[in-house]
Amino acid sequence: MHQPVLSPDEPGVTVWAGVSSQYRTALHLVNGTVTSQYYLNNIINPVIVPLHEQHRPDFIFKDDNAPAHRGHIIRERLLEAGVLQMEWPALSPDLNPIENPWDHLSHRVEGRNPAPQNLSDLRAALQEECNAMPQQTISRLVNSMRRRQAVIDARGHMTKFILFYFIFWHMGSTV
């Protein structure tokens, strides 16, 4: 693994993108952390609200419950615009289908040789690797949400599917 070499003085980069079974948004790269005000001005108003207008009534918005996504101004704006939000159990952030593309993106960037040497290199690598990810891969992950619904309905607690996976994994790991 080729770890990016970033100065401790550089704040790093926060990455945001939206995905659906038919399309994806542009990658948003932010130096440092994202505030609710930034999220409202740069994601919700110019990206989410227009997508909602374009794709309603089939548009349901899902975020990852990050603090900037939960701000009062965000909730108010989404309610005002009529954007439906998917309920998401706090105990199951890994069910979000975007976690798989994030993992893929992370591995692709970390595996670059030479590794990104500064924030500018890192931003370029993230953009290149994101653009290279096939929409078909993203579509498959988004469409898998139907199989994840049992866990969402159980609010992140045990379901027969999780129990089956645990038993199968446990049995497989002892062989």
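The values are calculated or read from the model by the stated rules, or taken from the named source; none is laboratory data. Every value quoted in this text rests on a predicted model; they were computed, and no experiment measured them. Heads up, the Cβs are rebuilt from the backbone with ideal geometry, glycines too, and the neighbour counts pull from every protein chain shown. We work out accessible area using only protein heavy atoms, side chains counted, and drop any ligands, DNA or RNA first. Shrake-Rupley method; radii C 1.70, N 1.55, O 1.52, S 1.80 Å.
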Inset, instruction - For 129, 99, 110, write out the residues from largest to smallest accessible area, computed with a 1.4 angstrom probe and no ligands counted. - result: 99, 110, 129
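Could you work out the percent of alpha carbon pairs in the stretch 7-60 separated by over 15 Å, rounded to a whole number? If you can, show how the numbers build up before the last one.
Details: 780 of 1431 pairs.
Counting pairs separated by more than 15 Å, the tail of P(r) holds 55 percent.
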Inset, instruction - Taking the Cα centre of the stretch 29-133 as origin, work out the dipole magnitude from +1 charges on Lys and Arg Cβ and -1 charges on Asp and Glu Cβ, in debye rounded to 20. - result: 220 debye
